[in-house]
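Everything below concerns the one structure shown next.
Every number in this text was worked out from the coordinates using simple rules, so none of it is lab data. Source: prediction; values computed, not measured. Positions of Cβ are generated from backbone atoms using ideal geometry, with glycine treated the same way; all protein chains shown enter the neighbour counts.
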């Protein structure tokens, strides 16, 4: 069977993720002697899964659909907070009586996480629709600033949300003033306490391999959805609109529909990642999901290559893992990060640096050396197939 | 009624700071067609410079203020030359990411130099104690009390609003009456044509960054006199708000930035006072979104026709 | 000097225009009524009335800046007219978007080529087939049987369409890396893929050599005959216009100054003055 280029590229991406997952599992379970992940490293695994999903979903919006979003963390925030609420509700209100006659949650921990991720994704998608319909009419910088504004509004509102659980009943309130919602949650168990974020979550913060497997599943699901979407009728339409909106309209593409499709899909996936992130962390606060978070995800997308899904996966994993490894740099860590970011952008986009290599090639010894190296594979082949090295000698004589 | 007036004055003062920062954003956007995300952090650098000058080197406040302007001007030009100039032909996204990198660089650089903990910014404005108009206006503790002590205007507020007015007038005159101002208008309209007419585009862009950054230093000092908490992230939120204000007013338009900044400040304060002290930011952003949806190019922005 | 590839008798319509004899009694595929647009007080196009028969090849000519491309933009709803209406196949298109106009059966190419340069030639045509061969987003994401069936169909149809210009072997080439002439041809294929009733070609021969132009002329007639559609083209190459157009409409300063058969246009003093005259002087110079 002939495997086309796109399919092969997708399969390579899946292979990389699966191999990385198996290596991590080997480090967790100790399959290989002498290879064991440290506690701090294990703690990074689930967040890395979340960030991969976030970067891929943002790449769908920024790279594939071509709409600059500075508010991706907002959808993550919606996913995280609604996720904690849903998970609590599932545990406290959806009950069954076990064989011993005791009332216990109907779902197990794993089932609760999976259901939560799905529902939180749906809620984030809904938010994506509500935000996308007005915002996607705008273009370029204006769209970016409106999405940033939406992200900040979500952060601001989440900062005021109070949720408590009383037995199996959930209570909600919005603390918008010092005088509002006074006395809320007295005698109840708080779930979300305004600016303090989530408290008393159902899931523990310690590393849990099952949660990592769910995270891995979420990454695979995301890649499946995004890669299949790109290589389908809808994906082609999305990219056509990005490349040339007027031409796309002229062949009968509904611009708004396909922009929305990419945006809402990205929002839903970000919500799912947010839900897993929220359930995995000891506590999350609204401030965690400010525009710095959006920018961090955007940086992953950019450094991985805009439009390259595999690049986003690798960049997200490396950028989350590397800082932990660079702890010895301590205070200089973020500084180095900033400099790397600037240098990478200049090196890949500046005509001066692109010309730098061309300029180097003007130096004759360098040029000769590079040409010789470039010609080397051919020469080797020639040497082996004909037993003669005429070309090689001519090259050296130059 | 008095409380409304007081809220409006507070909003006007905050909005004046936003307007000064937004001017930097909008001028750079108008001329270099880029979002200078690091602008907010130049504000913070300006505040730190004047803070250090006054407290560590015992320089008089006014000189500290001028030193901050000088350092920021140089910083602005250097940033433009090193980071943005090589990217003139690059996509707007690449430029934006680079600007974000510069922003991180400035924040973390400041953290290394001055530390992460907050500094209390010194008082820059001192008014003489006085009683005027038979006691109807009294000045004490740097605060002007009007209407029988009901309405208080702090000296900082007064200076901020005055500074904003002066800057607006001076900048408008500069843009409309001087040769350099004309060059700036030319470059903002059509870079290529301006170059053909003998305008030095690089110099004009540098000048724009210089003015923008000097204004950022002014804004930094004014911001920190009113809200005297200084830390490496001080500039970030006002930067974003001012950016919002610039878009609100129609990015690229100088009167737009002024109106946008002042309106945003007033809306934010009104929202904080009358709706929710927690949701002031959300209120400001929500108004921005509504304005952009009704008028997608901002209050005073020009509509650009796409050529087919 | 001008070689004629068609020989059609033109019949005046009672109202405003002429159509080929074979199209008499059929509803015109395109009709405009007092179409006009202003840009900040400047009347770019004014009182533009035309009817195009369902199988007519019609030329729109005029000096540079006469408003020809603006007319195309009005017909395809890139611009909304200030006055007048456009009827496609007898249906009013007021208030429609470009996308809806395309679905009504109007497809176009662009003067400055607008291909999806990073995609392959075949993908460009598949995007043209977007509304012809369909399946839903979820069917695509989860690779439902409908996906495989439709993609197979799309592949087959794309190659069929590409073979009109003998481009089927270039299907996997990146569209942006094609030579100029091939890009123009691909734009026509992409427009054809949308199954239009009326094909608008904006300077299809620009940048082509005489041999390529000759081939293009043959192909335009072939497309008209095979697909039984109307073609309206803007072109500066008078050999092409006079060679294949049945009716010609001349535009100057946004107004129609002449309408008629190629013979009539060539003899029209107003046209010679405004357009051919100036070109004649250039040729003599």
- Query: Using alpha-carbon pairs under 8 Å, 6+ residues apart, how would you state the relative contact order of segment A:49-165 in percent?
  - Reply: 37
- Of C:174, C:197, C:68, which has the largest mean-square fluctuation in a 10 Å C-alpha GNM of chain C? C:174
- Treat each spin label as a single point 7 Å out from the Cα along the C-beta direction, and report the residue A:333 to residue A:166 distance in nm. 4.3
- Kindly work out what percent of the DSSP beta bridges joining two residues of chain C are antiparallel, to the nearest 5. 60
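Under the definition of partner shielding as Cβ atoms of other protein chains within 10 Å of a residue Cβ, what is the mean value for peptide A:337-349?
Working: counts 4, 10, 4, 1, 7, 10, 3, 3, 13, 9, 1, 2, 10.
For this peptide, the per-residue mean of nearby foreign Cβ atoms is 6.
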- Note on the structure: Going from the fewest other Cβ atoms within 10 Å to the most, one would list B:96, A:11, B:66 as A:11, B:66, B:96
- Task: Take the alpha-carbon centre of segment A:270-289, take the same for segment C:27-84, and report the distance between them in whole Å.
- Result: 56
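Could you tell me what a quarter of the Cα convex hull surface of segment A:1-147 works out to, in nm² with one decimal place? Walk me through the numbers before you get to the answer.
On the way: hull surface 59.5 nm².
Averaging across all directions leaves 14.9 nm² for the Cα convex hull.
What Kirkwood hydrodynamic radius do you get for the protein assembly as shown when you take the inverse of the mean 1/r over all pairs of distinct Cα atoms, in Å?
Values: mean 1/r = 0.0308 Å⁻¹.
One over the average 1/r among Cα pairs gives 32.5 Å for the protein assembly as shown.
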- chain B, Gaussian network, Cα under 10 Å: of B:35, B:223, B:151, the residue fluctuating most is B:151
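Can you tell me, using C-alpha contacts under 8 Å and at least 6 residues apart, the relative contact order of segment B:1-157 as a whole percent?
Details: 138 pairs, mean separation 32.7, N = 157.
Result for segment B:1-157 is 21 percent.
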- Task: Treating each Cα of segment B:166-274 as an identical point scatterer and ignoring solvent, apply the Debye formula and state log10 I(q)/I(0) at q = 0.20 Å⁻¹.
- Result: -1.17
- Item | 5 Å-binned pair-distance histogram of segment A:204-253 (Cα, whole percent) | 5, 18, 16, 13, 10, 10, 8, 7, 7, 4, 2
- So, in nm, how far is label residue C:215 from label residue A:104 when the simple model puts each one 7 Å beyond its Cα toward the Cβ? 7.6
- Query: chain C: D in µm²/s via Stokes-Einstein (Kirkwood Rh, Cα pairs, 20 °C, 1.002 mPa s)?
  - Reply: 109
- Quick one: pull the percentage of alpha-carbon pairs in segment C:65-221 with a separation above 24 Å. 39
- Do you know the relative contact order of chain B, to the nearest whole percent, from alpha carbon pairs under 8 angstrom that are 6+ apart? 35
- Item | Hydrodynamic radius by Kirkwood, which averages 1/r over all alpha carbon pairs of segment C:115-195, in angstrom | 12.7
- Treat the count of other C-beta atoms within 10 Å as a stand-in for reagent exposure and order C:211, B:39, C:130 from fewest to most. C:211, C:130, B:39
- Query: Per the Kirkwood formula on distinct C-alpha pairs, the Rh of chain B is how many angstrom?
  - Reply: 20.1
- When averaged across all projection directions, what area in nm² does the alpha-carbon convex hull of chain A cover? 29.7
- Message: Which residues among segment A:132-164 fall inside the zone where the amide N is under 19 Å from a point 7 Å beyond the Cα of residue A:186, along Cα→Cβ?
- Response: A:162-164
- Where both partners of a DSSP beta bridge lie in the protein assembly as shown, what percent of those bridges are antiparallel, to the nearest 5? 75
- Message: Just to confirm the number: angle between the C-alpha axis of helix B:254-270 and the first principal axis of chain B, 0 to 90 degrees, nearest 10?
- Response: 40
- Query: So how tilted is helix A:291-304 from the main axis of chain A? Cα-based, degrees 0 to 90, rounded to 10.
  - Reply: 30
- May I ask for the distance between the Cα centers of segment A:103-121 and segment C:165-202, given as a whole number of Å? 52
- Message: For a quick size check, give me the Cα extents of segment C:24-75 along its three principal axes, largest first, whole Å.
- Response: 40, 20, 14
- Message: Can you tell me the orientation of helix A:364-386 relative to chain A, as the angle in degrees between its alpha-carbon axis and the longest Cα principal axis, to the nearest 10?
- Response: 80
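As a footprinting exposure proxy, order B:244, B:91, C:70 by other Cβ within 10 Å, with the fewest listed first. Display every interim value, and only then the final one.
Values: B:244 28, B:91 12, C:70 20.
Lowest count first: B:91, C:70, B:244.
When Rg is the radius of gyration of the Cα atoms in segment B:1-152 and Rh is its Kirkwood radius, what does Rg/Rh come to?
Working: Rg = 20.0 Å, Rh = 18.4 Å.
Over the Cα atoms of segment B:1-152, Rg/Rh equals 1.09.
How large is Rg/Rh for segment C:183-265, to two decimals, with Cα atoms and a Kirkwood Rh?
Values: Rg = 13.0 Å, Rh = 13.5 Å.
So for segment C:183-265, dividing Rg by the Kirkwood Rh gives 0.96.
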